[in-house]
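Please read the structure below before turning to the comments.
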Amino acid sequence: MEVNEKKNIFRENSLERLSSPERLDQLLQVVSRRDWLPLGSLGALIVVAIIWSIFGRIPVNFTSKGVLIRPHRVVNVDSPISAQLKELKVKIGDCIKKNEVLATIDPSDLKQKLNLERAKLLELQLQEREANSLQVQRTNLERRTIQQQRDSLQKRLLDSQALTPVLRNKGIVAIQQQRTSLQQQLRDAKNLTSILEQRVQKRRFLLREGALSEDMVLQAEQEYRQRLQSISVLEAQLKQLDVTESETERRYLENLSGISQLEAQLQELETKDKRLEQENLQASSNRKNQIEEVKRNIAQFEKQYDDNRQIKSPHAGCILELTASSGSVLNQGTRLGSIQVGDTSSQMVGVAYFPVGVGKKIKPGMKLQITPDMVHRERFGGIVGTVTSVSTFPVTKQGATSLVGNAEV
């Protein structure tokens with residue numbers, strides 16, 4: 001009893017710790033089960049944050065101006081040329097057919113160009129008549145001159161062709177006769193010389209014998225020397241005949257060359273005549289081409305004048321707006337008004353334009369909200385829509401005007 005009472009003095013936990021102070025045989029509980037709940041929640045949040053940082057997207061809003069339209073349903077009517085507006089044939093709200101006359105204009109520029117071309121045509125026609133008259137006179141004068149030169153050359157050519165062989169033949173015959181005569185004289189002189197030489201020798205012998213006087217010997221020697229000189233003269237004359245014959249042949253060849261030159265001059269006159277005819281034809285053709293070109297310009301301006309006196313509707317539709325009045329001066333491309341074409345019950349779409357950097361971020365399927373300018377968004381809200389298409393390339397002003405129908409918008 002006392003022992004049990006002593007044991008009951010200490011708590012059971014204290015006795016267990018005293019009996020096993022190291023507690024090596026028990027698990028150490030660091031965190032309780034209730035403490036795992038906030039740790040698990042924190043880990044889940046971290047995992048969600050990592051996944052969102054990889055796959056998540058931050059919504060970004062872009063704002064721009066746009067219009068609600070039926071695309072390509074509004075067409076501008078422009079003035080095709082610079083002119084003065086004479087009369088408008090329609091008013092706002094009128095429904096018209098294709099090619100119906102919208103207005104009449106006075107194309108003063110075309111009329112001025114047409115009058116200038118007509119005046120130019122008259123001037124060219126007058127110049128052509130005067131040029132043709134002068135050309136005929138000049139051609140006749142030049143052809144008369146050419147004919148005179150041709151006649152003169154032909155006469156000289158005929159004379160040369162007739163006289164050249166005759167003169168050559170006569171010259172050759174005369175030379176031949178002279179040569180024959182000189183050759184005969186030379187033969188006679190040589191024969192006589194031998195006789196005179198013998199006589200001189202005989203007289204010298206007789207002089208030595210005393211049978212003759214010295215004067216007789218000198219006379220015989222003088223006759224012998226004179227005969228030798230005559231032989232030399234005859235031989236020189238024969239050589240001169242060869243030179244004369246060569247000169248005759250040279251003159252003959254020169255005459256033949258002169259004949260060839262005369263023939264060439266005649267051919268040149270023929271060429272000059274043909275060239276004159278070709279020049280006249282070319283000049284006449286150039287003048288006619290100028291006149292034909294002016295006539296084509298006149299026909300073109302007349303057609304443009306007739307075509308542009310009226311401004312016609314390019315499409316069937318209704319007049320939405322008129323921006324000009326009678327008496328207005330219109331430049332080429334000036335907007336006269338606009339026409340709504342096609343079915344007015346077709347679905348409207350919103351068209352908006354963004355900067356290039358923003359436009360690259362917009363994709364088909366994205367949501368958008370449209371709020372008209374006259375409505376308070378905070379009070380009435382807006383129209384929720386979906387992006388159906390995005391232009392691949394930047395849109396030009398002309399492209400936007402074609403789509404919207406108004407360059408000012």
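The values are calculated or read from the model by the stated rules, or taken from the named source; none is laboratory data. Computed from a prediction, not measured in an experiment: that's the story for all the values here. For neighbour counting, all protein chains shown are included, and Cβ atoms are generated from backbone atoms with ideal geometry for every residue, glycine included.
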Given the criterion touching a strand residue (DSSP E or B) at 6+ places or on another chain (Cβ under 6 Å), within 21 Å of Lys111 (Cα to Cα) and in contact (Cβ under 8 Å) with a residue 60 or more places away in the chain, identify the matching residue among Gly317, Gly337, Gly333. Gly333
Selection from region 104-116 of residues at pLDDT below 90 and within 32 Å of the chain's Cα centre (by Cα) yields Asp109, Leu110, Lys111, Gln112, Lys113, Leu114, Asn115
Of all the residues that make up region 197-219, how many are within 30 Å of Gln237 (Cβ to Cβ) and at pLDDT 75 or above? 6
Every listed condition ((1) farther than 30 Å from Arg150 by Cβ; (2) among the β-branched types (Val, Ile, Thr); (3) out of contact with any Gly (no Cβ under 7 Å at 6 or more places or on another chain)) holds for Thr248 save (3)
Single match in Ser285, Ser257, Ser213 (criterion: closer than 30 Å to Val166 by Cα and polar (S, T, N, Q)): Ser257
Among the residues that make up region 233-245, is at least one of them more than 22 Å from Ile172 (Cβ to Cβ) and over 60 Å from the mean Cα position of the chain (by Cα)? yes
Could we say that Leu368 is in a helix (DSSP H, G or I), of a type in the set (A, V, I, L, M, F, W, C) and at pLDDT below 75 here? no
Conditions (1) at pLDDT below 75; (2) part of a loop (DSSP other than H, G, I, E, B); (3) not aromatic (Phe, Trp, Tyr); number of the one not met by Asn99: (1)
Residue hits (region 79-107; more than 16 Å from His315 (Cα to Cα) and of a type in the set (Val, Ile, Thr)) are Ile81, Thr104, Ile105
Ile175 vs (1) among the β-branched types (Val, Ile, Thr); (2) surrounded by fewer than 16 Cβ atoms within 10 Å (Cβ to Cβ); (3) farther than 30 Å from Leu269 by Cα: all pass except (2)
Boolean, Lys272 is assigned to a helix (DSSP H, G or I) and modelled with pLDDT of 80 or more: yes
Could you tell me which of the residues Ile291, Ile259, Ile298, Ile311 is of a type outside the set (Lys, Arg), surrounded by 12 or more Cβ atoms within 10 Å (Cβ to Cβ), more than 30 Å from Gln147 (Cβ to Cβ) and modelled with pLDDT under 80? Ile311
Confirm whether Gln176 is touching a residue at least 24 places away in the same chain (Cβ under 8 Å), polar (S, T, N, Q) and assigned by TED's automatic domain parsing to the domain that holds Lys272. no
Based on this model, can you work out whether Asp306 counts as among the acidic types (Asp, Glu), loosely packed, with under 13 Cβ neighbours inside 10 Å, part of a helix (DSSP H, G or I) and not assigned by TED's automatic domain parsing to the domain that holds Gln177? yes
Can you go through Val349, Val384 and tell me which one is of a type in the set (A, V, I, L, M), touching a strand residue (DSSP E or B) at 6+ places or on another chain (Cβ under 8 Å), loosely packed, with under 14 Cβ neighbours inside 10 Å and at pLDDT 70 or above? Val384
Can you tell me which residue among Gln161, Gln184 is modelled with pLDDT under 80 and in the same structural domain as Ser260 (by TED's automatic domain parsing)? Gln161
